[in-house]
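Quick notes on the structure that follows.
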Amino acid sequence: MRESKIEKDVSDYGRKHGWLVYKFTSPGNRGVPDKMFIRRDIVFFIEFKATGKVPTKLQQLVASRIRAEGVDVYTVDSILCGRNIIDSYVL
């Protein structure tokens, strides 16, 4: 499945369940995750990939740096995986 389809569906699902969903860009900083999800005091990021694809080495490095600051970063290559991550945050 294409990355754009997965990203759209998971983002729409998050919004439907009360999450603020933002396209995350950081000019001058390549490798940042695609989307930021915010709800109450929870923030996490998702890097979307086409089914079966994996993050680049730079994306993996950036995700590791974000995780080292105590923030969750996920790689999602299916709609079900993305929805399950959102559902795992019971509020």
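Taken together, the values in this text are just the output of simple stated rules run on the coordinates, not laboratory data. Fair warning: this is a prediction, and the values are worked out from it, not measured in the lab. Ideal geometry is used to build each Cβ from the backbone, glycine not excepted, and the neighbour counts take in all protein chains shown.
Side notes on the structure shown:
- Ranked by the mean number of other Cβ atoms within 10 Å of their residues, highest first, the peptides 7-14, 83-90 fall in the order 7-14, 83-90.
- A simple packing score, the average count of other Cβ atoms within 10 Å per residue, orders the peptides 20-32, 55-67 as 55-67, 20-32, with the highest score first.
- Segment Val71-Phe24, extension gain: residue separation times 0.36 nm, minus the distance between their alpha carbons: 15.5 nm
- Whole-Hz ³J(HN,Hα) from phi, Karplus 6.51 cos²θ - 1.76 cosθ + 1.60, for the stretch 48-62, glycine and proline x: 8, 9, 4, 3, x, 8, 10, x, 5, 4, 5, 4, 5, 5, 4
- Per-residue Karplus couplings for the stretch 13-23, computed as 6.51 cos²θ - 1.76 cosθ + 1.60 with θ equal to phi - 60°, are listed in order as 4, x, 4, 4, 9, x, 8, 7, 10, 10, 5 Hz, Gly and Pro entered as x.
- Seen through its C-alpha gyration tensor, with square-root eigenvalues sorted a ≥ b ≥ c, the chain comes out oblate because a/c lies at 1.5 or above while a/b is not bigger than b/c.
- Across the stretch 27-32, rounded Karplus estimates of 3J(HN,Hα) from the backbone phi angles (6.51 cos²θ - 1.76 cosθ + 1.60, θ = phi - 60°) give x, x, 10, 6, x, 6 Hz, Gly and Pro being marked x.
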